[in-house]
Every structure is written in structure tokens, then in C-alpha cells.
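The values are calculated or read from the model by the stated rules, or taken from the named source; none is laboratory data. A quick note: this is a predicted structure, and the numbers were derived from the prediction, not measured. Quick reminder, even Gly has a Cβ in these numbers, built from the backbone with ideal geometry, and neighbours come from all protein chains shown. Side chains included, ligands, DNA and RNA excluded: accessible areas come from the protein's heavy atoms. Shrake-Rupley method; radii C 1.70, N 1.55, O 1.52, S 1.80 Å.
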Amino acid sequence: QLQLVESGGGLVQPGGSLTLSCAASRFTLDYYAIGWFRQAPGREREGVSCISSSKGVTYYADSLKGRFTISRDNAQNMVYLQMNSLKPEDTAVYYCAARPVYCSSADTDFGSWGQGTQVTVSS
């Protein structure tokens, strides 16, 4: 079973930046598309970004395009989410998740999930 662990969350002021990491174990990431999702208290989990396996094609939520960048380093079994120009509404627990090869906008299509990392944007 693929294991995923997120890290890099924390407290940042509005306009600041954070980079989140998603580390995989047991299996290599080469076969998997990796998605980032987030969930704020009282809100439904929403898709943030995704990167496919074979071509590294990337997808972003329309509202986040231009501020967030997803990338992967298969040699290190790592996926990253660079977050810039952070806003208070970005505050949430951020999760990475995996599914075979291709990205999906549906969180139910992802079978492996990390435990999440808290991002708080506040002055």
C-alpha cells in the first residue's frame, strides 16, 4: 500500500509563501498521479492541484492558478506544492493523494491519502 506523508505547513502572513511536500514510501511515485486537496473547518474538501505520472501534466483550481505551482521529483519520491501570495482564505488542512497515472478532479478517485498538514494564513 502506498504511504504518503505531508509536511511544510505552518503559520504565514498574508502575501507570504510556503512550500508543502508530499513524501511517498513502499512504492515509487512514477506510476501515480498526485493531487493536492484542502479542507477548511465547516467546508467541503476541495481540489487544489494535480500532476500526472507519465507526462507530468499539471492542473490547478481556476481560483488558484497563477499563485500555486505543483512539481514532482520522482528520484526522491516527492511532490511539492509551492504556494505564493497566500490569503487568509487559503487557511486549511492540505492533503496529498495518489491514483494511477492520470489526474482526476474527484477526490473519490484517489485511493491513497496522507494525514494532512495545517496551513494558517493570518497577520
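Net charge dipole, the chain: roughly 100 debye, given to the nearest 20, about the Cα centre with Cβ charges of +1 for Lys and Arg and -1 for Asp and Glu. Which of the three applies to the range 1-72, rounded, prolate or oblate, going by the alpha-carbon gyration tensor with a ≥ b ≥ c and a/c under 1.5 meaning rounded? In terms of gyration-tensor shape, prolate.
Heavy atoms of the protein chains alone define the surface here; on that basis the chain has 52 Å² accessible area per residue at 1.4 Å probe size. Where a ≥ b ≥ c are the square roots of the eigenvalues of the C-alpha gyration tensor, would you call the range 76-119 rounded, which needs a/c under 1.5, or, failing that, prolate if a/b is larger than b/c, or oblate? Cα axes put the range 76-119 in the prolate bin. The packing ranking, built from the mean of other Cβ atoms within 10 Å per residue, places the peptides 76-83, 57-64, 40-47 in the order 76-83, 57-64, 40-47, highest first. Solvent-accessible area of the chain (1.4 angstrom probe, protein heavy atoms only): carbon and sulfur portion equals 46 percent. Bridge orientation summary for the chain: considering DSSP beta bridges with both residues in this region, about 90 percent are antiparallel. For the range 84-89, putting each phi into the Karplus relation 6.51 cos²θ - 1.76 cosθ + 1.60 with θ = phi - 60° gives couplings of 10, 6, 5, 10, x, 6 Hz, in residue order, rounded to whole numbers and with x for Gly and Pro. Given +1 at the Cβ of Lys and Arg, -1 at the Cβ of Asp and Glu and no other charges, the dipole of the range 65-123 around its Cα centre is 140 debye to the nearest 20.
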